Amino acid sequence: MASIGRASAFLASGTIVSRILGFVKVIVLAGVIGLYGTSADAFALANQLPNTVYTIVAGGVLTAVLVPQIVRAGLHLDGGTAYINKLLTLALTILAVTTLAATLLVPVITPLIGLHLPPAQLDLAIAFAYWCMPQIFFYGLYTVLGEVLNARKSFGPFTWVPVLNNVVALTGIFVFALVAGTDPNGDRTASEFTPGMVALLGGTATLGVVAQAVVLFYFWRRIGLRFRPDFQFRGVGLGAAGKTASWTFGMLLLSTAAGIVETQVVTLATGKASVAVLATAWLIFMLPHSVITVSVATAYFTGMSEHASRGDVAKLRTDASSAIRGTSLLIVLASTVILVCAYPFSAVFTQGKFEQVQGTGNVIIAYILGLVAFCVLFVLQRTFYALGDTRTPFFFTLFQVILVVAGVLACSLLPPAWIAVGIALVVTVSGILQTVLAGHLLRRRLGGIDGRRILRSLVRYVVAAIPPLILGLGILLLLGGTHEGGFAVSGRLEAIVSMLVIGAVMTLAYFGMLLLMRSEELRVFLAPLINRFRPRGTN
């Protein structure tokens with residue numbers, strides 16, 4: 001447990017630094033091209049395209065397959081070296097072909113995603129997409145190299161190298177601002193973008209992904225790995241990996257289809273809360289998940305795969321329960337704080353117009369209501385992956401995608417200003433139902449998932465969050481965070497100060513409530529800190 005705690009802390013620290021820089025990047029980008037407007041939506045759509053294609057082709061397939069398979073391959077006489085070289089060769093070949101094909105098909109793919117964009121805005125999105133699409137190959141390279149490091153219990157590089165990505169991209173945005181000037185209100189039209197401006201903004205975004213991936217070869221060398229291309233794919237169990245990957249590939253096709261429908265519908269609201277707003281709200285939603293859940297679950301995942309490979313269901317169940325209860329302790333707090341601070345948070349990205357603050361803030365609120373369920377689902381899904389079962393996640397993902405597609409299509413009937421909010425709320429409700437179904441299926445698979453203990457902990461956290469929620473809302477009202485001209489939404493600095501004050505008060509109140517309730521999980525969470533400051537020789 002101590003080693004998992006240290007690994008989680010190290011992973012979280014890297015993720016925190018990366019996410020802070022990521023937020024700085026989004027804030028600076030919003031100040032340079034705006035959050036509402038033609039250029040913001042065109043760039044957001046183009047920069048999402050490589051992620052969309054990558055997710056279809058490889059994405060979670062690599063995560064779901066690599067760690068369990070590499071852990072098992074470690075039992076080979078060569079420690080899995082041959083397997084790793086063959087798998088990396090195969091993955092990079094597929095990624096290279098896919099990247100080339102996707103880049104050539106940019107004029108076909110972009111209109112499919114941006115179905116309702118005006119012609120000039122669509123042309124700008126296509127121009128950006130040509131520069132962004134090569135990211136597919138380097139996202140895949142980063143994932144493969146990083147997951148091999150994780151499987152070898154070298155966790156740090158995977159979460160720390162995105163810092164380099166953000167630094168490179170930030171540099172590109174600053175240079176763009178110097179060359180082309182700033183447009184925080186998004187008034188610049190698509191026709192005002194020159195090829196050089198497109199190349200500078202799109203090219204540096206891709207250069208950051210390249211740097212993030214390539215630097216991982218250095219860390220491979222540090223743990224004694226050398227990549228040597230090997231096209232002889234027989235003899236090291238790749239057939240088993242392929243069977244596992246096929247269900248995950250189907251699952252990713254479903255998720256991506258839902259994402260395409262979301263983007264097509266939200267482009268009906270261009271000029272209002274549209275593609276860029278939805279992407280920014282999702283970034284805020286993902287912050288606590290990335291820092292807390294992913295860090296903890298990644299540290300647990302290798303051990304869970306080892307327990308599953310030995311058939312030790314009891315330890316696997318214990319790890320899954322610990323991961324859910326440990327992450328939820330902080331995720332409930334994070335959800336409550338972001339819920340209260342949604343308007344000040346959006347004021348950091350939008351400048352001057354309270355209508356935009358409201359529009360972005362409402363999308364954040366709609367997403368954040370599903371954060372706890374989303375994080376629990378992540379652990380449940382990784383538990384299935386540790387078991388080598390990608391078939392079951394396919395079916396509970398199919399369930400969620402059907403709900404999302406139906407709900408998002410219904411959102412097209414909403415007034416444009418509420419389409420993004422409706423989409424976020426549909427994603428939240430469907431995600432909660434998906435989590436309930438996934439938990440039921442895992443319980444049947446393992447003969448129990450420590451459900452009563454998990455439920456008691458979640459109820460305790462929610463009860464403990466009620467007084468902080470009331471306190472936070474009171475402070476928000478005092479700071480004028482719900483009306484135009486209020487201090488908390490009047491500017492970037494004022495919004496940040498307000499969030500710090502509200503967050504600090506709510507955090508103290510939340511942990512105070514858990515102490516009064518004698519929370520076992522809080523005691524475990526605080527134990528390393530208490531031991532660090534306890535005088536030597538005391539028990």
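Residue count for the stretch 388-402, restricted to those that are open to solvent by 30 Å² or more (accessible area, probe 1.4 Å) and outside any helix (DSSP H, G or I): 1.
In the set (1) of a type in the set (A, V, I, L, M, F, W, C); (2) at pLDDT 90 or above; (3) part of a helix (DSSP H, G or I), residue 414 fails one condition alone, (3). All conditions in (1) more than 26 Å from residue 94 (Cβ to Cβ); (2) open to solvent by less than 20 Å² (accessible area, probe 1.4 Å) hold for residue 119, with the sole exception of (2).
Scanning the stretch 451-462 for residues that are in contact (Cβ under 8 Å) with a residue 24 or more places away in the chain and under 27 Å from the mean Cα position of the chain (by Cα) returns 454, 457, 458, 460, 461, 462. Only helices (runs of 4 or more DSSP H) whose full extent lies in the stretch 126-219 are considered here, and the ones with at least 2 residues that are hydrophobic (A, V, I, L, M, F, W, C) and open to solvent by less than 50 Å² (accessible area, probe 1.4 Å) are 135-151, 162-180, 195-214. Among the residues of the stretch 94-116, those that are open to solvent by 60 Å² or more (accessible area, probe 1.4 Å) and farther than 28 Å from residue 271 by Cα comprise 94, 97, 100, 104. The set of residues in the stretch 253-268 being open to solvent by 40 Å² or more (accessible area, probe 1.4 Å), modelled with pLDDT under 85 and among the hydrophobic types (A, V, I, L, M, F, W, C) consists of 253, 257. Put simply, of 466, 454 the only residue that is at pLDDT 95 or above and either in a helix (DSSP H, G or I) or open to solvent by 10 Å² or more (accessible area, probe 1.4 Å) (or both) is 466.
In the stretch 269-387, counting only helices (runs of 4 or more DSSP H) that sit wholly within it, the ones holding 1 or more residues that are modelled with pLDDT of 85 or more and either within 16 Å of the chain's Cα centre (by Cα) or among the small types (Gly, Ala, Ser) (or both) span 275-288, 313-340, 342-349, 354-368, 371-386. So which pairs qualify, if the first residue must be in the stretch 268-280 and without any contact (Cβ under 8 Å) to a residue 40 or more places away in the chain, the second must be open to solvent by less than 20 Å² (accessible area, probe 1.4 Å) and in a loop (DSSP other than H, G, I, E, B), the Cβ gap must be under 6 Å, and the two must be at least 6 apart or on different chains? Qualifying pairs under 6 Å: none. For the stretch 85-103, the set of residues classified as of a type outside the set (D, E, K, R) and touching an Asp or Glu at 6+ places or on another chain (Cβ under 7 Å) consists of 85, 89, listed by residue number. Residue-level analysis places residue 354 outside the set of residues that are under 27 Å from residue 147 (Cβ atoms), out of contact with any Ser or Thr (no Cβ under 7 Å at 6 or more places or on another chain) and not hydroxyl-bearing (Ser, Thr, Tyr). Of everything listed in (1) part of a helix (DSSP H, G or I); (2) open to solvent by 10 Å² or more (accessible area, probe 1.4 Å); (3) of a type outside the set (S, T, N, Q); (4) farther than 30 Å from residue 312 by Cα, the single unmet condition for residue 485 is (1).
Residues in the stretch 347-364 that are closer than 12 Å to residue 482 by Cβ and either of a type in the set (D, E, K, R) or open to solvent by less than 20 Å² (accessible area, probe 1.4 Å) (or both): 347, 357, 361.
The values are calculated or read from the model by the stated rules, or taken from the named source; none is laboratory data. Predicted model, so just to flag it, every value in this text is computed and none were measured. Note that we place each Cβ from the backbone using ideal geometry, even for glycine, and neighbour counts take in every protein chain shown. Areas reflect the complete protein model, heavy atoms only, side chains present, ligands, DNA and RNA absent. Shrake-Rupley method; radii C 1.70, N 1.55, O 1.52, S 1.80 Å.
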